[in-house]
Structures are given as structure tokens and as C-alpha cells.
Amino acid sequence: MRKALLIFLALLAVLPALSQPTVIKVGVYDNPPLTMTGGQGQPAGYLIDVLEEIARQEGWQLSYQAYTFADALQALREGHIDLLPAVAWSPQRDSLFTLNRISVLTNWGKLYKREDDDRTYLSVEDLRSKTIAALQGDIYLEEPQRGLRSLLRQLSIPATIVETGTYEAALDSVVQGRADLVLLSRYYGILHTNDRPVVKTPVNIAYTSVRYAFASGPQYRILAEALDKRLQQLMADRSSVYYSSAKKHLSYQPQDWLPPWLWQVLATVLAGLLVLVVFVVLLQHQVKKKTRELRLTNRELVHTQRGMRLAEQTIEASQDIGFWFQPQGKLIRVNQAAMRLTGFDKDELLGMSPRDLLATTINRHLYDKINSPNGPAHLLLEDRLRKKDGGTFPVEISLDRFTLDGQTYICGFARDITSRVKAQRELLERNKELQCLYRISQLGTEPNCTDETIFTGAIAAMLPAWQYPDKTCVQIQYKNRIFESPEYRQTPWQLSEPLLMWGQVVGQITVGYTDLPADAKDKPFLDEEVSLLQGIGKLLGSILESKDAERQIIASILATEDQERSRIAKELHDSVGQTLSALALHLNNLKKDRHLNKEEKDKLARIDSLLKAAIGETRSVAHNLMPPTLTDLGFVAAVDNLIARLQEASDIKFTFHTNQDASLDIPTDIAFALYRIVQEAINNIIKHAAASEVTIQFLVYNDLLSLSIEDNGKGFDMVKSQKNSNFGINSMRNRAASIGADISIDSQPGHGTHIHVSVPLN
């Protein structure tokens, strides 16, 4: 009877447990208002609020650990944490980690100086021989192409960079005179510099997309896609935490009128009440559960003996290996499957300990834990078991510890998963190739995508798709530009594919390995990888053709508009303008007639006044349609002239900064497009922004033109503006697209608007 009861309880012990929530270890660093470690170990911030809501919807359990930013990146790279919020996107980080695809917000670096510093900082050129404080590992400092360190190196500007562990420490370096300037993230600067003796400069650094970074691995891609799905739903719901938390953390808020100690008392009281309520609910649940179990036990008592016999027969007939042992002891019972799958007979198995059957040492520490008195009651692991003939096979092992008559027993079941492991391995190989093609196919569908975002995104998608991803490097040559993965170099093991657009070779894609195992050097690339690279070449070519066709259509439409503007301006000047001038001349001769009485002279004077106004309005319309300064003197002079005319007729203070003189020769199509963008932006500011100051900055670098327009007006809701299809914004985007430029528009209610245009000089 006792033996049968032992078998029955063992069967109950191995029944599948209730599914547990996914536990995600989250790293947190101080980057207010996006993430904050919290004074009592409870993290806070905009990205934390959004993450908490997504975790609640997905059933994730979040476990937080505080770090500095540099240590948090290291912990994510080494797998000590699963997730790090508030990570700016870059190709290098996209290859090292699993970043979600949907941007939470756009951010950039901003340089601040002391209030008493009367030096002018208009561009990176003005940082020569200066000391700059910055956060260690910050994207605005370290971004390979546009980061401050890279810009200083590219322009050969000597400067000293002092790295700190937090933004607050960097800000203190400037306030206390240890540095001339400090590089802060835009949002940190908005919320934490009002009470500090510093002012912002017009210099902006490294426009970036802020996202969530998971550790590297296929399981994290699943989590990232689940996060993107929930994030997209939150963005579509105006009442969601995505918007309520943005209002809370990304805007200025009045101070609480209650003293801090009272908040702590209230929080303590509420926490105590909550614990009491939870305790009562759990107690009621446990009482009901135990009552149900007792009733069920009473009903099934008469069937116990039959159930025990059924359990014993089920275990013996199972295709899974079943075994029992006591902690630190040898096997005391095995079923038929154990003998069939391992090849050992019953006596041989009963002379072994479970540890003797393990073919590896990977999970022996877990086996030792369940053998200890304070170890876990249940353990699920994957390992390999030894066979009598010397072979091994993969198994999934479930171990459960239970007590019977004061004795501790451990029951285990091991399932042969050879077929599953083989299928998973093959599926993983094919899946990473499909994932690569899918990710590249999505690049051309993203709004306002550019050549740079397409190629850097393609490189990030390609790196993990090859058989040795940690040794893979990629280079894409496109026209006069080169895009490379980190650590790219020429190697003996390379594979290239031409990049075609409209049947013409416009570049080349090269994939290589920095090193290979000895047995792979003769044939470094699989046939599937050759086909994959050919597919990538065709896919990128198709994306480029689509974007080029779109750009040509927009450019053609805008060129037609400009031609029509020029024609109308010429008609107004040469025809209507001359007719009005001739009429004014005749009217002036008529006024000289001495036979006119006073009433007739007054009427002629009023007509003369209206005629002069019509002539002035005609000239103004013709000038706006096609300003002669733009065609005769160039973009810089045209903007100077536009601002001078607006300054006379408006109370708004306009400021124009440039590192070039008026003689700068800019291609006509680029000059026209940039001038129309400035016109449209100023028109929107005058009509809608209620601004008192407007700053326009035009900088020329070796490889690009940079135009930024910033006002201190009332700003607007970007989401609502996109829904309503704002004509002015669409016009600026089309102008930028027609010359292959990147444009970003950022605004918040109450915080003005910032427009930035980058034109590659290729």
C-alpha cells in the first residue's frame, strides 16, 4: 500500500505547473525625465511608465537594477540584464543589441554655457581649445558619424572632453568653472537648467531616435516585437499612458503644495492598507481553495486504490524516462523507458546516481541545488544524458522534490528532444535569413526615410544573418558615399554583389569575415549565403528605384511650380507693373491741369494713392513669387534680404547665423528648395506660433549643408498635426525630398518648434 501511495504522489508531483510570468531584468540609469533610478529604489520616468504599462498588458514581471549609463550598457552586453530603456539608436548598437523598431521620441544633444560667459558659440568651430563636460558613453558624444567627439576629429578641432558618470555631475563641472561648456540631452536641459546659472547655445549635436534595447538573441527579438505592437497601440490611443506620462514628465509642472514628509506618511498608510486588503483577499482565496480540495479528496477517496494502480501502469508505459532518488543518493526506481533509451539494464541504473547520467557539467550546479534542503522544490532544465554505448542525446528534464512519511524524495522525468533540437537548429538558420530580408524590405516603407537610414539599417540587418555573425563585416558603396559596419576592413574572405538602379551599377555590397575556423577558409560562404546576398542586392536596388522615382516626381512637380511662379512674376513685373506705372504717369499729368477744382483734385489724389498701393503690392507679389536676390546673389543674401524686409514689418526678432559669406556658390535647385523651406517655416511662425524670437542657422561642412530654424512660440501637437495632414509641413518635406535632403520637425505645446534640414554634398 505504501509503495503504491509513493508512486501516486510522484505522479502528482510531475504534473505541469501553472505558467509563471516572464521575468525581465531591467537596467536603469539617471537620465531625467526619461529614466530615473528613484530615491527609494523605485525607478521612474517617461520610458519607465510606458514600459510598466506594456509589461502589465503582456504579463511581464519587471526586476530593476540601478547603474551608471556606461555600466548599464556593459551589463546589457554581457547578459546581466535583459532590457535597458532610453537607448539612442545607432548602427553599432543595433548590431550589438536587439532594439525595438518604433521610435519612442526624438532627442539630440545641446551645448550649454555659463550665464556670465560672454563668448559666442554658433558652431562646432567655436569649440576650439575649450573644455567640454559630457556623460560617459553618451550617444551625443560617441555617435560614430555625428557625435561631438567624431565632429571634433573630422574638423581637426582641438578640445578637451571631461567625462562624468551623470548629467548632473557634467552640469556641475560648468557651474563650478571646471569646464567651459556642457553637452546635455535636449530633454534633460529643458527640465534641469532653469534654476542653474547656464544658458543654451545654438549648437545642436547628433539627432537621434530614443528606443528600448534588449540583449542580443532570438528570444529578445520576440520580446521587442511584442513591445513594438503594444507601443503602436498606445500611440494610437490619446488617453493612453504614452501621452499622459509625456504630459507629466516632458512638461514643466508646479511644485506639490504638501510637504514631503506628509507624502511619505500618506504613502506608508496606503501601503499598509493595501497589504491588509491583499492579505484578506488571499486568505479568503486560500480558505475557498482548501475547502474545494477537501471536498474533492473526500469524493475521490473511494477511488484511491484504483488511481494508484493506474498511475503505476501509466508511468511504466510512458515514452519519457522516469526515475526516483533521495537527495545525495542513488536511483531507487526507474521505468522501462529509462532502460530502453539509455541502453543500461535495471541493475546498472540502480547502481548510479542521477548525476552520473549527465553527459555535461553545465547544469550540475542546478542538480546540486535541488539536492540541498533549501533548494527549489521544482526544476526544469535541458541537458544531455549518457548512453551505454558512449553516445549522448538531448533531453528536457523535470525534477520535483516532495516529502513522504518524513523522508525526502526527488522524482524526475526526462523527455528525448532530439527531433525538436534538430528542427529548431534548421529553423533558426532559415529564420535569420528571412529576418534579414524582411527587415531590409521594411526600410523603404518608413516615412521620410533617406539613403543613410536605408543603408545603415541594411547593414544592421545583414550582420546577424551570416553563419559567423560575430566575425561578419559589411560595406556598402553607393555613388560617392561609403557605409560600413563597425570594425570593417579588407579580408581574404569576401563576397560582393553589384548594386543596380534602373539597370545601371551605382554601387556595391561587400560581406566579409574578419576571421574563420581553419576548416571553413577554403569555402567561407554557403550557397544559401550567396543567394541571400543576391536577394539583398535586388531588394536594395528596388527600394532605391522606388525612392528615386518618388524624388523625381516631387522634383518635377516643384520645378513646374517654380517655372510657373517665375512666369507669373515676370508677367506681373513686365505687363501689369508697366501698365500701372503708365497709368500713374498719365494721372500725374492730369493733376497738373490748372482748370481742376478742389473736389476733382481730391478725387485724383485718392486715385493716385490707391494706384501707388497697387503698384507696391504688385511688386511685393512678384518678389515673393521669384525673389531676384535669390537668382542674382544666392541663398545667403536672399535669406538676409528676406529677414530685413520681415524685421521692418514685424515685432518678431529674427537672427541669422552662418559660417559662410554671401558669395557662397550653392547649386540652384538646392538654393531654391532651401529658400522655399525658410519661407514656409517663417510663414507658419508668423501665422500660428505667436513667437517673439526666431533663430536661423546655416552651416556648411565638407560633406553636407545644415539648416536649422528654431522659434520660442507656442509649439503644436505633432501627432494631431500628422493626422490633419498639415499643408505647410508637407510642403517642406516635399522640398527636402526633391533635393535628397533629410528633414526633422520637432515641436511640443508650450516649447516652440525646431526644424532641421541636412543636405548631403555628393
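Can you run phi through the Karplus equation (6.51, -1.76, 1.60; θ = phi - 60°) for segment 510-525 and list ³J(HN,Hα) in whole Hz, with x for Gly and Pro?
Each residue of segment 510-525 in turn: 10, 10, x, 10, 6, 7, 8, x, 4, 6, 10, 6, 6, 9, x, 10 Hz.
Please provide three numbers in whole Å: the alpha-carbon extents of segment 318-416 along the principal axes, with the largest listed first.
In descending order, the Cα extents are 37, 27, 22 Å.
Rounded to a whole number, what is D in µm²/s for segment 125-208 from Stokes-Einstein with the Kirkwood radius over alpha-carbon pairs (10 °C, 1.306 mPa s)?
Using the Kirkwood radius from Cα pairs, D works out to 123 µm²/s.
Under 20 Å between alpha carbons, and skipping anything fewer than 8 positions from LYS247 in its own chain: which aspartates and glutamates qualify?
Cα-Cα hits under 20 Å: ASP30, ASP49, GLU52, GLU53, ASP237, ASP256, ASP717, ASP746.
What does the charge count around VAL395 come to, taking other residues whose C-beta lies under 10 Å from its C-beta (Lys +1, Arg +1, Asp -1, Glu -1)?
Here the count lands on -3.
Among PHE402, ILE332, ILE417, which residue has its Cα positioned farthest towards the positive end of the charge dipole of segment 328-433, with +1 placed on the Cβ of Lys and Arg, -1 on the Cβ of Asp and Glu, and the dipole taken about the Cα centre?
ILE417
Any number yet on Rg/Rh for segment 389-494, C-alpha, Kirkwood?
1.29
Give me the Kirkwood hydrodynamic radius of segment 22-118 in Å, from all C-alpha pairs, to one decimal place?
14.7 Å
Collect residues whose amide H, placed 1.01 Å from N in the peptide plane, falls under 5 Å from the amide H of TYR64; neighbours closer than 5 in sequence don't count.
VAL26
Set the bar at 21 Å for Cα to Cα. Now go through LYS346/LYS387; LYS110/LYS229; LYS330/LYS369 and name every pair that lies beyond it.
LYS110/LYS229
Of all the C-alpha pairs in segment 629-762, what % are more than 26 Å from each other?
19 percent
Could you give P(r) for segment 75-177, binned at 5 Å from zero, as whole percent values over all Cα-Cα pairs?
Pair shares across the bins are 2, 10, 18, 21, 19, 13, 9, 5, 2, 0.
How do 351-357, 44-50, 179-185, 240-246 rank on mean C-beta neighbours within 10 Å, highest first?
Highest to lowest by the protection proxy: 179-185, 44-50, 240-246, 351-357.
Rank-order 381-387, 281-287 by packing density, defined as the average count of other C-beta atoms within 10 Å over each peptide's residues, highest first.
Peptide ranking by packing, descending: 381-387, 281-287.
Compute the relative contact order of segment 318-416 as a whole-number percentage, counting only Cα pairs closer than 8 Å that sit 6 or more residues apart in sequence.
29 percent
If you plug each phi of segment 93-104 into the Karplus form 6.51 cos²θ - 1.76 cosθ + 1.60 with θ = phi - 60°, what whole-Hz ³J(HN,Hα) values come out, in order, with x for Gly and Pro?
My calculation for segment 93-104 gives 5, 5, 7, 7, 10, 9, 8, 5, 8, 8, 6, 6 Hz in order.
Which Cα, out of ALA681, ASN641, THR668, lies furthest along the positive dipole direction of segment 629-762 (beta carbon charges, K/R +1, D/E -1)?
Most positive-ward Cα: ALA681.
Under 14 Å from the Cβ of ARG355, count the other residues' Cβ atoms, weight Lys and Arg +1, Asp and Glu -1, and hand me the total.
Within the 14 Å Cβ shell, the charges total +2.
No value in this document is a laboratory result; all are computed from the given coordinates. Fair warning: this is a prediction, and the values are worked out from it, not measured in the lab. All Cβ positions, glycine included, derive from the backbone under ideal geometry; neighbour counts span all protein chains shown.
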